[in-house]
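Below: the structure, in structure tokens.
All of the numbers you see were taken from the coordinates with simple rules; none came from a lab. Since the structure is predicted, the reported quantities are computational estimates derived from the model, not experimental observations. Don't worry about glycine lacking a Cβ; one is built from the backbone with ideal geometry, like all the others, and counts go over all protein chains shown.
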Amino acid sequence: MRLQDKVAVITGAGSGIGRETAKTFLREGALVVLADIDLGAVAEAAQEYDATGERTLALAADVSKGDDVDSLFSAAREKWGQIDILVNNAGITQDAQLVKMTMDQFDEVIAVNLRGVYFCGQAAAKIMLEQGNGVILNTASFVGIYGNFGQSNYAAAKAGVIGMTKTWARELGRKGIRVNAVAPGFILTAMTEKMPEKILGAMREKCPMKKLGAPQDIANAFLYLASEEAGYVNGAVLEVTGGMTL
Ligand code: NAP
């Protein structure tokens, strides 16, 4: 068990990468707070992976709202008294080319994917600083490093997440808190299901491994970074893309 009795908060845990990460962390002995804007989705996931309900807490939280985030971290701490790991995973897309993108599309993606990460990171850091230890994991994207057609808002948010990851690693490292990010490539989830098969096929071809990723591939990266095996890894952005960007 690589995370025995560690308390992990995972946002966006109702679907895709977040849900798989919750399942993986539970399998490795963690106590998991599954948070999502959709309470039904996390309640269902918690029930599936923890039938007795002893090792999970499912909570509704919109990460773009400061009050929701404060309530989430208060409830998590009340339940288990500590927070060892945060997986900042909730995210959305609202794609459009630069000249067609609306202000709402821009603002909504920034609110969830950037401000939401900031709110959760700040709330977790306050608790982890009191504890003198903790691990913060952010979900970036290869798009935040290389850009992507039709994703000005998303690329800006994910580049911002990388900037915050490195900043927090500098600020918090000396206090016993490690901060890292995972930058996934194309992973088969509800987010990518929305994309035309033509684009997915092109991405599959572009990948030297000739396949897209699975949520488990990213959950494994989070597991490594959350575990003691990554005890000297801080400020890293781990690309998990199958080599697609080579
Ligand atoms: P997903 O299956 O759509 O899961 C995202 C989850 O976040 C959903 O349960 C969603 O709820 C929830 N969510 C949306 N807005 C929220 C909010 N304001 N507050 C709390 N929860 C919210 O997507 P995914 O592919 O697993 O993505 C997970 C993360 O990986 C995201 O940060 C994404 O940007 C990143 N990522 C994904 C890929 C990929 O190829 N899939 C690649 C690079 C990075 P609803 O379903 O109700 O909206």
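Some observations on this one:
- Relative to the dominant Cα principal axis of the chain, helix 197-206 is inclined by about 80°.
- Whole-Å distance, taken between Cα centres, linking segment 133-151 and segment 1-16: 19 Å
- Note on segment 203-236 and segment 55-123: Cα centroid distance 21 Å, given to the nearest whole angstrom.
- Taking a quarter of the surface of the Cα convex hull of segment 58-183 gives a mean projected area of 7.5 nm².
- In this rough spin-label picture, where each label sits 7 Å from Cα along the Cβ direction, the LEU98-ARG174 distance is 4.0 nm.
- Label-point separation in nm, LYS198 to GLU54, each point 7 Å along Cα→Cβ: 5.4 nm
- Nearest-ten-degree value, helix 152-172 long axis tilted from longest Cα axis of the chain: 40 degrees
- Stokes-Einstein translational diffusion, segment 144-246 - Kirkwood Rh over all Cα pairs, 1.002 mPa s, 20 °C, in µm²/s: 144 µm²/s
- More than 24 angstrom apart: percent of Cα pairs within segment 5-113: 25 percent
- Taking every alpha-carbon pair under 8 Å whose residues sit at least 6 apart, segment 1-111 reaches a relative contact order of 28 percent.
- Size of the chain as Cα extents on the principal axes (Å, biggest first): 47, 36, 33
- Taking each residue as 0.36 nm, the span from GLN4 to ASP70 lengthens on full extension beyond its C-alpha to C-alpha distance by 21.2 nm.
- Proximal lysine pairs, the chain, alpha carbons under 22 Å, eight or more residues apart or interchain: 24
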